[in-house]
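The values are calculated or read from the model by the stated rules, or taken from the named source; none is laboratory data. None of the values given here were measured: they were computed from a predicted structure. Here the Cβ is made from the backbone with ideal geometry for all residues, glycine too, and neighbour counts use every protein chain on show. Heavy atoms of the whole protein, side chains included, go into the accessibility calculation; ligands, DNA and RNA do not. Shrake-Rupley method; radii C 1.70, N 1.55, O 1.52, S 1.80 Å.
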Amino acid sequence: MVAATAREQAEYDLFLAAKSGDTETMVLLLERAAADVNVTDKVCNTPLTVAANRGHADVVRLLIAAKANTEVRDKTGEWTALHHAAAEGHLETVRALVEAGATVDARDNVRDTPLHEAIRAGHVDVVEALVELKASVLAKGHSGRNALDLARETEREASTLASDSKPREEGFERWQAILALIERVAPGQEQEAA
């Protein structure tokens, strides 16, 4: 077995701290500047995308302050850190990324945006935040559907599944809330686009 160089070990440790949300270790690693903050693994994840996926907003802020690239895309779906945070419902991380300049309407390999992913996953608070942060509800993604189309589709699917069980009722209410939010915003964005 070949021993890792000091830089390789530091980069490995960056990923571990990002994954675990260990801010203390992250600060030490970044202060030493022994590792490339934008190092990628085999599928092009960076410490930033790993921290964003896990919802470690404090680690995300530390990495951004150290010049982590918010626009790096993974190989699996060409997701940015913002796609990962939105899909997993990490509100504070979504806000930190957008406030640091992450592209709110970044497109993945099928043209979906972080807003599309938040809608699919049913994260009402993240959908609301992305809209507040100026995500386009009109941006067409996969199969030519925009956020309004997707919200209507998921609400319809949820209503089909709705029954007397409490978890399904709560899930249905979530989809109704997302649809109402998107329907409220869409006319204003349509007017701005015209």
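With the condition kept exactly as written, say whether any residue in the range 42-57 is open to solvent by 80 Å² or more (accessible area, probe 1.4 Å), closer than 22 Å to residue 94 by Cβ and not β-branched (Val, Ile, Thr). Yes: the range 42-57 contains one or more residues that are open to solvent by 80 Å² or more (accessible area, probe 1.4 Å), closer than 22 Å to residue 94 by Cβ and not β-branched (Val, Ile, Thr). When the residues of the range 51-77 are narrowed to those that are of a type in the set (D, E, K, R) and more than 12 Å from the chain's Cα centre (by Cα), which ends up farthest from residue 132 (Cα to Cα)? Here the answer is 75. Can residue 113 be described as among the β-branched types (Val, Ile, Thr) and closer than 26 Å to residue 189 by Cβ? Considered against the rule, which asks whether it is among the β-branched types (Val, Ile, Thr) and closer than 26 Å to residue 189 by Cβ, residue 113 comes out as yes. A Cβ distance below 7 Å, combined with a sequence gap of six or more or placement on separate chains, defines the contacts here; from the range 176-194, residues that are of a type in the set (D, E, K, R) reach residues that are part of a helix (DSSP H, G or I) in the pairs 183/148.
Screening residue 113 with (1) without any contact (Cβ under 8 Å) to a residue 40 or more places away in the chain; (2) over 21 Å from residue 178 (Cβ atoms) gives one miss only, at (2). Conditions: (1) touching a Gly at 6+ places or on another chain (Cβ under 7 Å); (2) farther than 25 Å from residue 115 by Cα. Residue 17 meets all but one. Number of the miss? Unmet for residue 17, out of (1) touching a Gly at 6+ places or on another chain (Cβ under 7 Å); (2) farther than 25 Å from residue 115 by Cα: (1). Just one residue in the set 83, 90 is of a type outside the set (Phe, Trp, Tyr) and farther than 24 Å from residue 24 by Cα; that residue is 83. Of all residues assigned to the range 7-23, at least one qualifies as being outside any helix (DSSP H, G or I) and within 26 Å of the chain's Cα centre (by Cα). Mind checking which residues of the range 1-41 are over 18 Å from residue 72 (Cβ atoms), small (Gly, Ala, Ser) and surrounded by 14 or more Cβ atoms within 10 Å (Cβ to Cβ)? If the condition is that a residue be over 18 Å from residue 72 (Cβ atoms), small (Gly, Ala, Ser) and surrounded by 14 or more Cβ atoms within 10 Å (Cβ to Cβ), then 10, 20, 21, 34 are the ones that fit.
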